[in-house]
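Below is one structure, written out as structure tokens; the observations come after it.
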Amino acid sequence: MGAARTPRDRWVEEGLRALAEGGPDAVRVEVLAKRLGVTKGGFYGYFADRDALLTELLDTWERESTDEVLAQIEREGGDPKTKIQRAGLLTFSDELLPVDLAVRDWARRDPSVAERLRRVDNRRMELLREMIGTFCSDPAEVEARSLLAFCMTVARHTLAADHNGRSRLEVLQRAGDLILDRPPTV
């Protein structure tokens, strides 16, 4: 009786973890096998090579950060402003954010990854445009608010600025109120 193989999704999960921690250079078959406590031979039962795994990692990131997020916000419903907020929280959750940031960094050096990132970001912007368009009729303003919302959500994880006696959360909430045309919550 042979030993049970490490499931394919475990290789992908560990690959995503390595990608988030150290970028694509950290995704090495030998390292992943060691982290999984297995030999690297099982890897080749699922993937032709490392490049195939990297493609699968991008496919998984794209599916989880777009299709699954969109499906969840539709399932949970709510008004457009609630959907926007929920999409941001899901997309940039503790689980997805490190991979998203690693893909953004990787895209700076790899045109095919940059094209993938563009496709994902375009889907995210489309959701923002659609939702913001329900309460804002000026197309130029819809685009500006969508861009501000998206930039705020991505950049908040990389900025280290202080906020003159206000907490980061207070400033983010107020910025969200302005973008979503809500009365102040702070």
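The values are calculated or read from the model by the stated rules, or taken from the named source; none is laboratory data. It should be emphasised that the depicted structure is a prediction, and the values quoted were computed from it without experimental measurement. Positions of Cβ are generated from backbone atoms using ideal geometry, with glycine treated the same way; all protein chains shown enter the neighbour counts. Surface areas here come from the heavy atoms of the whole protein model, side chains and all, with no ligands, DNA or RNA. Shrake-Rupley method; radii C 1.70, N 1.55, O 1.52, S 1.80 Å.
In summary, residue 95 fulfils each of the numbered conditions (1) open to solvent by 50 Å² or more (accessible area, probe 1.4 Å); (2) under 13 Å from the mean Cα position of the chain (by Cα); (3) within 18 Å of residue 53 (Cα to Cα); (4) not basic (Lys, Arg) with the single exception of condition (3).
The single condition from (1) touching a Lys or Arg at 6+ places or on another chain (Cβ under 9 Å); (2) open to solvent by 60 Å² or more (accessible area, probe 1.4 Å); (3) β-branched (Val, Ile, Thr) that residue 66 fails is (2).
So, residue 55, is that one of a type in the set (Val, Ile, Thr) and in contact (Cβ under 8 Å) with a residue 40 or more places away in the chain or not? So residue 55 fails the test. Restricted to segment 105-129, and to residues there that are touching a residue at least 40 places away in the same chain (Cβ under 8 Å) and open to solvent by 50 Å² or more (accessible area, probe 1.4 Å), the residue that is nearest to residue 79 (Cα to Cα) is 123. Within segment 18-59, being on the phi > 0 side of the Ramachandran plot and open to solvent by less than 50 Å² (accessible area, probe 1.4 Å) holds for one residue alone: 23. Restricted to segment 142-167, and to residues there that are open to solvent by 70 Å² or more (accessible area, probe 1.4 Å) and among the charged types (D, E, K, R), the residue that is modelled with the highest pLDDT is 143. Selection within segment 10-65: residues that are modelled with pLDDT under 95 and polar (S, T, N, Q). The member of this set that is nearest to residue 100 (Cα to Cα) is 65. The residue of segment 168-186 that is modelled with the highest pLDDT, among those that are assigned to a loop (DSSP other than H, G, I, E, B) and among the β-branched types (Val, Ile, Thr), is 185.
Only residues that are surrounded by fewer than 14 Cβ atoms within 10 Å (Cβ to Cβ) and without any contact (Cβ under 8 Å) to a residue 12 or more places away in the chain were counted across segment 168-177, and they come to 1.
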